[in-house]
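To start, the structure itself, in structure tokens.
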Amino acid sequence: MTKTGYLLTNTGSPCSCRVEDVREYLETFLTDPAVMGMPYLLRQLLVRGVIAPTRAPKSAERYRQIWLPEGAPLKVYSRQLADEIERLSGAPAYVAMRYEEGSVERALRQAEADGVTELISQPLYPHFASSSFGTVQDFVRRTYDRLRLGYQLIERGPFYDHPLFIRSLAEQIASAELPADTHLIFSFHGIPLSQVKPYAGDPERDYPYQCRRTMELLQEQPEVRRLRSCELVYQSRFGHRWLAPELIKRLAALPTEGTKSVAVICPSFVADCLESLEEVGLQGKELFLRSGGDRLTLISCPNGSSTLARALL
């Protein structure tokens, strides 16, 4: 008899807001060659000697501003999504974090202990990028192969155009109750152009194409059609030659162009996290208002949405 389980894997967060924990997380995350593609020794020296020590205190303060009583928002909301999948399907759902030591292995072993005969592995990224979806999928597969587990691992792909994923975003827009004169910004996570070029023209891995497609499908939803206008941008730039236009530049420019009321949705993330809550909801809002804007509304990610959970079943 088949017993199905679900494995939801996300990037991860520090285990606390302490500077030491944030530094450890940054070192683990940024030394992944899929995230920073440079020679091993140079990457290690740069991350451990310069980037992590410099960024950790600032990042720790950023995390403190969004931390929940239960812990890191990304982990809390990912677990809520897993709970909703369990409620809808009656099947066990496991949450793992790519950059939390032992997290993926613990989830895979727990599935075997629970008697799962097939485990559906779904990286929690709607769009393919080698530095997010790709590295998670590869890490889960390598860990599964190393452990020689007795069940089948079934890998799922990106879900950027799944009708229920699109609907889950539309529902979040509806819940924000935006005025009709709102300019809606679709802010996707940025990636280097070097990660874009190898997959250009391949719909299964072409990141800009998938982002545009998500926006186009959302523009067909009544919740978006009623709004004044919209545009696509990329956020979280970290280096030169990344995808453009850049969110922070557009937030600074829009008020000078006569746009005073904006809302921002972050379709790269199914769970609210540092990049949505702090980068957009706090820093982005402050920049927009300081530049002459009147109102910036951050639209929540689907988090534990029943509609999103059904998209992943």
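The values are calculated or read from the model by the stated rules, or taken from the named source; none is laboratory data. Just so it is clear, the model here is predicted, and its values are computed rather than measured. Heads up, the Cβs are rebuilt from the backbone with ideal geometry, glycines too, and the neighbour counts pull from every protein chain shown. Heads up: the accessible areas ignore ligands, DNA and RNA and are worked out on the full protein's heavy atoms, side chains in. Shrake-Rupley method; radii C 1.70, N 1.55, O 1.52, S 1.80 Å.
For the chain, carbon and sulfur atoms together expose 51% of the accessible surface, with a 1.4 angstrom probe and every protein chain in place.
Rounded to the nearest 0.05, what FRET efficiency do residue 286 and residue 257 have when you use their Cβ-Cβ distance and R0 = 22 Å? Efficiency, from the Cβ-Cβ distance: 0.70.
With 0.36 nm allotted per residue and the present C-alpha distance subtracted, the residue 202-residue 114 stretch has 27.9 nm of extension available. A simple spin-label model places pseudo-atoms 7 Å from Cα toward Cβ; at residue 19 and residue 45 they are separated by 2.5 nm. Measuring r between the beta carbons of residue 61 and residue 152 and using R0 = 30 Å, the FRET efficiency lands at 0.10.
Summing Lys, Arg as +1 and Asp, Glu as -1, what charge do residues with Cβ under 15 Å from the Cβ of residue 226 carry, residue 226 excluded?
Around residue 226, the charge tally is -3.
With contributions of -39500 (n - 2.57) from each DSSP H run of at least four residues, the per-residue ellipticity at 222 nm computed over the chain stands at -12000 deg cm²/dmol.
Listed by chain and number, the lysines placed with their C-alpha closer than 22 angstrom to that of residue 260 are 249, 285; residues fewer than eight positions away on the same chain are left out. Accessible surface calculations at 1.4 Å, restricted to protein heavy atoms, place region 187-313 at 43 Å² per residue. For region 123-275, just say rounded, prolate or oblate: build the C-alpha gyration tensor, square-root its eigenvalues into a ≥ b ≥ c, call rounded for a/c under 1.5, and beyond that prolate if a/b exceeds b/c, oblate if not. Because a/c hits 1.5 or more and a/b exceeds b/c, region 123-275 counts as prolate. Looking at region 155-238, the chymotrypsin sites (Phe, Trp or Tyr not before Pro) that sit in a DSSP loop and have at most 16 other Cβ atoms within 10 Å of their own Cβ are 238. Counting Lys and Arg as +1 and Asp and Glu as -1 over every other residue whose Cβ lies under 12 Å from the Cβ of residue 79, the net charge comes to -3. In this calculation the C-beta distance from residue 228 to residue 171 is compared with R0 = 22 Å, giving a FRET efficiency of 0.60.
Going through (i) 138; (ii) 123; (iii) 176, the figure that equals volume of the Cα convex hull per residue in Å³ as computed for the structure here is (i).
Extension gain residue 313-residue 220, at 0.36 nm per residue separation less the Cα-Cα distance, in nm?
31.1 nm
Only protein heavy atoms count here; on that basis, with a 1.4 Å probe, residue 19 has an accessible area of about 50 Å².
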